[in-house]
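Right, one structure below, let's go through it.
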Amino acid sequence: MSVDPEKCPAGKNTLEPAELPLESSLANTSIGNDVASAELYFPDGGHKAWLTVLAGWLTLFSTIGVISGFSVFESYYSTTELSTYTPSEISWIGSLQIWGCFGFGLWSGRLSDSRGPRFPLAAGTVFTVLGTMMASISKKYYQFILSQGICSAIGLGFSFTPAIAVQSQWFLRRRAFVGGLVMSGQNVGGVIWPILVNQLINYNGLSWGWTMRIIGFMQLACMVAATLLIQPRFPSLPTQPIPIRQFFTDRRTIMFTVATLITFFGIYIPYFYISLYGTQWGMSASSSFYLSAILNAGAFVGCYAFPVVAKSKMGCFNSLTFVAFGCAITAFGWIGTRNNAGITAWCVIYGFLSGAIQALFSPCISHLSPKPSLIGTWNGLCITVVSFAVLGTGPIAGRMLDNTGDINYVPMQIFTAVCLIVASVIYLGTTLCLPRVSSLAIVG
């Protein structure tokens, strides 16, 4: 895997001297020398690179895209099979799924770096589809926890990190834009899955079981295609010790990880409860189902818009800081939104800004990686830490709602906004710790 000098023009898509990766421990091997040379150059295109983008998009569409529409499941379960359970208890199903995406990040990232991304994606396909199919025959709370909660969580955990991290091995100048493209898959899923569920159940009279089986078969098709399409840039390398100490002693990495941890304590709360919130303020069950789709439609636009801005002018870190402050202000605005038009408009704006945050965090943490071959590991370490936030976000918000007799959403709304404003301040501090060339030029 040698690098053709003619395809690596000086000063174009290469790392600046100050940004050169650390020496590989494999430098004395032929594979190590090839990888060390390749790490100085980013193709920023080519059919293999774009196939990897498509693979990541399909993976997020069929996995976390389903979770993005979880408010539909929360609303449905609360009136049918799980009507005797509180919103906090039902939200554990979705929280376990989101935790799976993040909690297995370290291990799936390491698998992706050492054995290539196809192995964890294939394992993720098996567990994700199995969990959905088992949910289709579940009737009791513990069965939903085991199937849609734990089994699907394992599958999402294997799939998520490789799906969002591998593209950063191929792209530098377009990294933010490509990150937005990949992350938009979850938002397209968040639009399509709720509408599909609503149409199949409320209009076509299909049973819940067959609705879930249709989702499972669609997930299977998308994830098999993603597994076949994804293209690793580097050869499989011998497993190296996980650089945990290096990760936790880098000031910028720690600040960024803490900010992301706090962000994800709050950012997903509307994705869990917006349908229930709409119902409380007079929306029909069918109309409230569409709020989740509208929220994700806004996020889809945000996934594209801000990465383009980051690439052209502001850079990833500056863009992330700006949009996090905007998202926090919008979250405070949720408190006063209490009619159909206002809730719908709020969903568009919040979705737009929260989608941008989700699109930008992976390119940022990828830039903080000491070398491109550790991008999956760096994403995995950060995502693993963040998993503790996403595991608790739904149940914490649900408990706040339970404590008010399921009628007052203000405590969870304030909690969402405060988490985002605190995270914004820490993102700003992280950006100020970066050299100007890093925060503006390199991370475009």
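The values are calculated or read from the model by the stated rules, or taken from the named source; none is laboratory data. Given the structure is predicted, the values throughout are model-derived calculations rather than measurements. Virtual Cβ from ideal backbone geometry, glycine too; neighbours counted across all protein chains shown.
Quick notes on this structure:
- Residue check for VAL390: in contact with a Phe, Trp or Tyr (Cβ under 7 Å, 6 or more places away or on another chain) and in contact (Cβ under 8 Å) with a residue 60 or more places away in the chain: yes
- Of the criteria (1) within 25 Å of ARG175 (Cβ to Cβ); (2) without any contact (Cβ under 8 Å) to a residue 24 or more places away in the chain, which one ALA341 fails: (1)
- Every residue from segment 273-324 that is among the aromatic types (Phe, Trp, Tyr), at pLDDT below 85 and farther than 21 Å from GLU74 by Cα: PHE300, TYR304, PHE306
Residues checked against (1) within 23 Å of THR86 (Cβ to Cβ); (2) more than 16 Å from the chain's Cα centre (by Cα):
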position: LEU374; (1), (2): no, yes
position: GLY380; (1), (2): no, no
position: LEU391; (1), (2): yes, no
position: MET400; (1), (2): yes, yes
position: THR404; (1), (2): yes, yes
position: LEU420; (1), (2): no, yes
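- Per-region count, segment 66-82, residues modelled with pLDDT of 85 or more and among the small types (Gly, Ala, Ser): 0
- THR29 vs. criteria among the β-branched types (Val, Ile, Thr) and at pLDDT 80 or above: no
A quick yes/no check of all residues on (1) in contact (Cβ under 8 Å) with a residue 40 or more places away in the chain; (2) part of a helix (DSSP H, G or I); (3) aromatic (Phe, Trp, Tyr); (4) surrounded by 24 or more Cβ atoms within 10 Å (Cβ to Cβ):
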site	(1), (2), (3), (4)
ALA226	yes, yes, no, yes
PHE247	yes, yes, yes, no
LEU276	yes, yes, no, no
ALA299	yes, yes, no, yes
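- Meets criteria (within 22 Å of the chain's Cα centre (by Cα), assigned to a loop (DSSP other than H, G, I, E, B) and either modelled with pLDDT of 90 or more or not charged (D, E, K, R) (or both)) for GLY444: yes
- Considering residues of segment 183-195 that are buried (at least 22 other Cβ atoms within 10 Å of the Cβ) and among the aliphatic types (A, V, I, L, M) only, the residue nearest to GLY46 (Cα to Cα): MET183
Results for (1) modelled with pLDDT of 80 or more; (2) farther than 30 Å from GLY45 by Cβ, shown as yes or no for each residue.
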{"residue": "ILE93", "(1), (2)": "yes, yes"}
{"residue": "GLN97", "(1), (2)": "yes, yes"}
{"residue": "ASP113", "(1), (2)": "no, no"}
{"residue": "ALA123", "(1), (2)": "yes, no"}
{"residue": "PHE144", "(1), (2)": "yes, yes"}
{"residue": "GLY155", "(1), (2)": "yes, yes"}
{"residue": "ARG174", "(1), (2)": "no, no"}
{"residue": "VAL197", "(1), (2)": "yes, yes"}
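- Within segment 66-82, the residues that satisfy the criterion of being not in a helix (DSSP H, G or I) and not charged (D, E, K, R) are GLY69, THR80, LEU82.
- Any hit, segment 372-385, residues being more than 18 Å from SER108 (Cα to Cα), buried (at least 24 other Cβ atoms within 10 Å of the Cβ), of a type outside the set (A, V, I, L, M, F, W, C) and touching a helix residue (DSSP H, G or I) at 6+ places or on another chain (Cβ under 7 Å): no
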